[in-house]
1. Tell me the residue from A:D95, A:D103 that is farther than 28 Å from A:Q153 by Cβ and assigned to a strand (DSSP E or B), please.
2. Determine which single condition A:W322 fails, assuming it passes every other condition in (1) touching a residue at least 12 places away in the same chain (Cβ under 8 Å); (2) in the same structural domain as A:L200 (by TED's automatic domain parsing).
3. Please find, among B:G30, B:G22, B:G37, the residue that is more than 7 Å from every other protein chain (Cβ to nearest Cβ) and under 29 Å from the mean Cα position of the chain (by Cα).
4. Restricting attention to region A:59-87, and to residues there that are without any contact (Cβ under 8 Å) to a residue 40 or more places away in the chain and not small (G, A, S), which single residue is surrounded by the most Cβ atoms within 10 Å (Cβ to Cβ)?
5. Which one is surrounded by the most Cβ atoms within 10 Å (Cβ to Cβ) among residues in region B:247-269 that are assigned to a helix (DSSP H, G or I) and in contact with a Leu (Cβ under 9 Å, 6 or more places away or on another chain)?
6. Filter region B:23-36 down to the residues that are buried (at least 23 other Cβ atoms within 10 Å of the Cβ) and outside any loop (DSSP other than H, G, I, E, B) and list them by number.
7. So, in region A:288-333, of the ones that are among the hydrophobic types (A, V, I, L, M, F, W, C), surrounded by fewer than 15 Cβ atoms within 10 Å (Cβ to Cβ) and in a helix (DSSP H, G or I), which residue ends up modelled with the lowest pLDDT?
2 protein chains.
Amino acid sequence: MTAPASFNPQAFRAALSTFTTGVTIITTRGADGEPVGVTANSFNSVSLNPPLVLWSLAKSALSLPAFSGNKHWNVHVLSADQQLLSGRFASRGEDKFAGVTLDQGINDTPLFKDCTARFQCRTAFTYEGGDHLIFVGEVLAFDKTDLPPLAFQSGQYALATCKARETLRLGSEPPPECSYTEDLLGYLIGRAHYQLLDALRRLLHSQKIDEYAFFVLSVLCIRDNLTLEEINQFVSYTGREVTLSMMLFLEKQGCVVAEKQFGVLRFLLTATGREMSLEQIALAKAVEQDVTDKLGASDSQILKVLLKRLIRDTDPGLPDLWAPAQPPVSAQA
Amino acid sequence: MTAPASFNPQAFRAALSTFTTGVTIITTRGADGEPVGVTANSFNSVSLNPPLVLWSLAKSALSLPAFSGNKHWNVHVLSADQQLLSGRFASRGEDKFAGVTLDQGINDTPLFKDCTARFQCRTAFTYEGGDHLIFVGEVLAFDKTDLPPLAFQSGQYALATCKARETLRLGSEPPPECSYTEDLLGYLIGRAHYQLLDALRRLLHSQKIDEYAFFVLSVLCIRDNLTLEEINQFVSYTGREVTLSMMLFLEKQGCVVAEKQFGVLRFLLTATGREMSLEQIALAKAVEQDVTDKLGASDSQILKVLLKRLIRDTDPGLPDLWAPAQPPVSAQA
């Protein structure tokens, strides 16, 4: 326990920042009629009856005269997509409102669009709060959308996902003592992978190719004109090596064509192959849309962020499939 | 925009709850010396110099006399594992402190262990706040752990994960216009799956079996004595049917033994097979630990929660591998 004597402002700030918050921008209009706004995460609800909310503003803030002089101000609970807006109003830059389309709030105060929630307030009390002034406002009007809110934690923007009630089990029974449990990340990712692949597998079956051929076609759809070795650089992390006979089978199916260029065999997608690949991608996108609808946009985004971090953290050194293609090495020689 | 006249308390509460918060329990000691505590998410920081924090307490709260009478109280920013504690102190139950081990705070106030952060405060101001009283406390001491904090949003417990700076790309270049992008959930899950499988695949190679045999051994390790049909009920969602010849190959490898029971062929794990399976599981757990270390405990948990939701939402109707085994149907006949 830190004693008051050893109070370190940085450590104090770090301890405070463990408390998760949303992010708001609070706006008003200055005495000169100019719109004024400031990012604050010190917002909180106070009272339901009467409806009161509060937030704190640094006494050193340039916007203090505006908020002290105008009883009307609006709290915007920012949505996950409004991170840039948050950053803009957290800085001291000029003309923060440039290019922002506004609704008109009570008493002509500025109101942002596309927020998660908005509260139009009139100052009920201002209270002394050390180096800050506490504004308690009566809520005169409010509205709310379904946009997922932006969160803030430990000094970083965050997204919050609903915590499962203790253990979210897939099955209906409590798990017995078993060393291999469904709580293993490898199991969960594997099962999610195969379940998502299910619809695609049926399409591949009708196209008379397997999932490894799907990987090959996907790679060629992004980067055409590759050697077998180059294809394998992108595909072999799946644990299976693409062989020449697989490629010749795909040529027989009319998906690819093999061409000798500068003495090296390269594979190109045919019109048929591209069409098959696009059909596969369209299906994958439909599956994705379905999953996004089920999980919700915010949780889908969180899932993707975490998967990308996991992929980066366990990357065996795969080449970047989407990097601008280099001219073939043999052509440079 | 809702007009004051149509103020619906439920809608107001719903709009307020879109603002994400952490969860705190605030404790003190009553005039009778008994510990008192209440869950609050109205906590927030106010001032750095002097160090001030605030929270609001309903005027109707049973604990109001205790907090009004004792200038010393402690704010506990709860960790993700303290959800049950939060629920207990949010209710009006008797003896909330039963079984809770306490540290001793300033002036003998109760202090919980294993929180994300703790602030020991002395009331600096109490302010009028409608149906609540606002307590502003000077922070006399504080401490902080690395435990991930509990969050609260839209009426539910939540976990917050750091939001990626706009788009977290795996590769180094901005993605070109391509219909199949690395932002596709199916791609991300597939790539994560294969990357996590990498170490295991090398073990399987040394064990001279493939990943489908690994699935079979895992199933038998949890549920022994299955027919080929029963094994396939658990494995076929991977897109590959386990065949009799695969099972006979595993028998030849010494992993399983086939036994005719009531005229039906059933497969049992041998001691060798169990040992191989346990070796695989131990490796899977080591990989898991490594990933958890890299992602952090909180984000690993979020990832699992979201994968479980995805799996449930896309479940083709798989039987519960971990449900208590039924006696073989043929034995009941």
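The values are calculated or read from the model by the stated rules, or taken from the named source; none is laboratory data. Predicted model, so just to flag it, every value in this text is computed and none were measured. When we count neighbours, we look across all protein chains shown, and the Cβ atoms used for this are built from the backbone with ideal geometry, even at glycine.
1. Matching residue, one of A:D95, A:D103: A:D103.
2. Looking at each condition in turn, A:W322 falls short on (2).
3. B:G37
4. A:P65
5. Within region B:247-269, the match that is surrounded by the most Cβ atoms within 10 Å (Cβ to Cβ) is B:L250.
6. Taking region B:23-36 and keeping what is buried (at least 23 other Cβ atoms within 10 Å of the Cβ), we get B:23-28, B:36.
Listed by number, the residues that qualify are B:T24, B:I25, B:I26, B:T27, B:T28, B:V36.
7. Looking at the filtered set, the residue picked out is A:A331.
Each row is one residue, and each column tells you yes or no for (1) assigned by TED's automatic domain parsing to the domain that holds A:I25; (2) under 14 Å from A:W55 (Cβ atoms); (3) modelled with pLDDT of 95 or more.
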| residue | (1), (2), (3) |
| --- | --- |
| A:F89 | yes, yes, yes |
| A:G93 | yes, no, no |
| A:V100 | yes, no, no |
| A:T109 | yes, no, yes |
| A:F112 | yes, no, yes |
| A:C121 | yes, yes, yes |
| A:T126 | yes, yes, yes |
